[in-house]
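Below: the structure, in structure tokens.
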Amino acid sequence: MRDKESGLSSYIRLFFQHRFNLHLDKANEEEVVAAIKTNTIFVGSSLWTLIFAIFIASIGLNVNSTAVIIGAMLISPLMGPIIGVGLGIGTNDLALVRKGGRNLLIAAIISIATSTLYFYITPLHDAQSELLARTTPSIWDVFIAFFGGLAGAIAVTRKEKSNVIPGVAIATALMPPLCTAGFGLAAGNLLFFAGAMYLFFINSLFICISTYLIVRFLKFNKKHFEDKNTEKRVSKYILITVLLTILPSIYLAYGIVQKSIFENSAQRFVREEFNFSNTQVVNKSFRYSRKSKEIDLLLIGAELTKTAIDSIQSKLSAYKLQGTRLIIRQGLDARANVDFSQIKASIMEDVFNRDSLAIKKIAGTKNESGFPEIREEIKSLFPAIKSYSVAKTIFMNTDTLKKDTVLQFTAILNSKMPSSEKSRMEKWLRARLSADKLKIVLE
């Protein structure tokens, strides 16, 4: 019996050793080190490629195009210096650490200068959702950078190069934060600049740490010196560099985790405790710092009494929100702070998520064309629409006999509709009209 158990455990151990062995297709160490050192330097074509990629990413952020941003990240060579720093730390190569750090700094400065120039001269100055997403790092950014860095470090040490490196460049999103920092400088918004640089620092830091871990796991040869005193001095410098890299990352990661926990708890608190039939939360904002925490809510509808508010406030501790300041604006105070775009967004969110029974009831009301009656809703949610039509349209393919039946929504506008509002309208129409295939035409 013991022999069988021993044989099974040996089989399982050998199975995992073989399947997860990173040494099987490992490239020659000298070739890997030489390739990483080459990609660490930004001169000539690498520098021009970076500048062009920055312009493309800035345009993508400016027009809120995810596809363009992804294309720019595929072109960008920003991963090179970061991996170089991680390799240098892992192999006691202080010269490579300096070179990688210097080139990363140069690349960051040139990237910010390029994006600042673009956003200064562009006629489009609104902060779109893609830009706003690059100003506030979350715990997920830390995880993405760390695991993306592990994948990237493994990929550069393989004999056969795959599409992992471009994928890591897209996932970790090194370039968009630099473009957003440029937008912050061009717009005079230092909070945008600081938040974007914070995100870039987080991404770079954890990619570097991931590279260091893979280099040490694969047992790359450390650099040795003939003079033992020199070797000790270099080792000391490397140790200081590692500590200066890791300690801030632990501090920053802890802060991001605490902020994420607070925001998730605050979301759940608002969702569960402010579920009233005659009172609606039209805007909510959460502010977190190590010294203070705030939940700021804007309400419309029937005013909550002081007793009700006190009762709700007493439940903060049940959501692990002790010490959080709850600010509720309603009545005259709410009307003085109303933002109609917030109200519209809240109404649409309510249509999507709040009350499925009410949605079914509304959807049951149809006009003579057989579609739900949405005239009043369109008028309230999208005032830029002057008139509209909804019809099923058959599209004939010229190269095949295939026919596609698509629900077409055509609207004539009073004024230009922002791209963010178009996106919200499309989501709302798909849900409201139960349309799998929807074509929107705006005139």
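The values are calculated or read from the model by the stated rules, or taken from the named source; none is laboratory data. Please read all numbers here as calculations on a predicted model, not as lab measurements. Quick reminder, even Gly has a Cβ in these numbers, built from the backbone with ideal geometry, and neighbours come from all protein chains shown. For accessibility, only protein heavy atoms count, side chains too; no ligands or nucleic acids. Shrake-Rupley method; radii C 1.70, N 1.55, O 1.52, S 1.80 Å.
Residues in the range 258-310 that are charged (D, E, K, R) and crowded, with 19+ Cβ neighbours inside 10 Å were compared, and the one that is modelled with the highest pLDDT is 293. Sub-6 Å Cβ pairs linking a first residue in the range 217-239 that is in a loop (DSSP other than H, G, I, E, B) to a second residue that is modelled with pLDDT under 75 and not small (Gly, Ala, Ser), at least 6 apart or interchain, are 225/231, ordered by first then second residue.
Just so you know, in the range 49-61 the residues that are without any contact (Cβ under 8 Å) to a residue 40 or more places away in the chain and not polar (S, T, N, Q) include one that is surrounded by the most Cβ atoms within 10 Å (Cβ to Cβ), and it is 56.
Residue count for the range 298-324, restricted to those that are out of contact with any Ser or Thr (no Cβ under 8 Å at 6 or more places or on another chain) and part of a strand (DSSP E or B): 2. Sub-8 Å Cβ pairs linking a first residue in the range 277-294 that is closer than 14 Å to residue 327 by Cβ and of a type in the set (Lys, Arg) to a second residue that is open to solvent by 60 Å² or more (accessible area, probe 1.4 Å) and part of a strand (DSSP E or B), at least 6 apart or interchain, are 293/287; 293/325, ordered by first then second residue. Of the listed requirements (1) modelled with pLDDT of 65 or more; (2) open to solvent by 60 Å² or more (accessible area, probe 1.4 Å); (3) closer than 22 Å to residue 277 by Cα, residue 352 misses just one: (1). Can you confirm whether residue 90 is surrounded by 14 or more Cβ atoms within 10 Å (Cβ to Cβ), of a type outside the set (Phe, Trp, Tyr) and within 30 Å of residue 243 (Cα to Cα)? It is true that residue 90 is surrounded by 14 or more Cβ atoms within 10 Å (Cβ to Cβ), of a type outside the set (Phe, Trp, Tyr) and within 30 Å of residue 243 (Cα to Cα).
If you scan the range 413-443, which residues turn out to be charged (D, E, K, R), without any contact (Cβ under 8 Å) to a residue 60 or more places away in the chain and open to solvent by 40 Å² or more (accessible area, probe 1.4 Å)? 416, 422, 426, 430, 436, 437, 439, 443, listed by residue number.
Determine whether residue 49 is under 23 Å from residue 214 (Cα atoms) and either among the acidic types (Asp, Glu) or modelled with pLDDT of 75 or more (or both). Spelling it out, it is not the case that residue 49 is under 23 Å from residue 214 (Cα atoms) and either among the acidic types (Asp, Glu) or modelled with pLDDT of 75 or more (or both). Taking each residue of the range 16-27 that is touching a residue at least 40 places away in the same chain (Cβ under 8 Å) and looking for partners that are exposed (fewer than 10 other Cβ atoms within 10 Å of the Cβ) and not β-branched (Val, Ile, Thr) with beta-carbon atoms closer than 9 Å, six or more apart or interchain, yields 25/160; 27/160.
The C-beta contact set for the range 62-85 (first residue closer than 23 Å to residue 105 by Cβ, second residue assigned to a loop (DSSP other than H, G, I, E, B), distance under 6 angstrom, 6+ apart or interchain) comprises 78/174. With a requirement of 3 or more residues that are open to solvent by 20 Å² or more (accessible area, probe 1.4 Å) and modelled with pLDDT of 70 or more, the helices (runs of 4 or more DSSP H) lying completely within the range 118-211 that satisfy it span 139-156, 175-187. Pairs meeting the criteria (first residue in the range 383-398 and under 19 Å from residue 421 (Cβ atoms) and at pLDDT 80 or above, second residue open to solvent by less than 70 Å² (accessible area, probe 1.4 Å) and of a type in the set (Gly, Ala, Ser), beta carbons under 9 Å, at least 6 apart or on different chains) are 383/415; 384/411; 384/415; 385/411; 386/411; 387/411; 388/411; 390/369.
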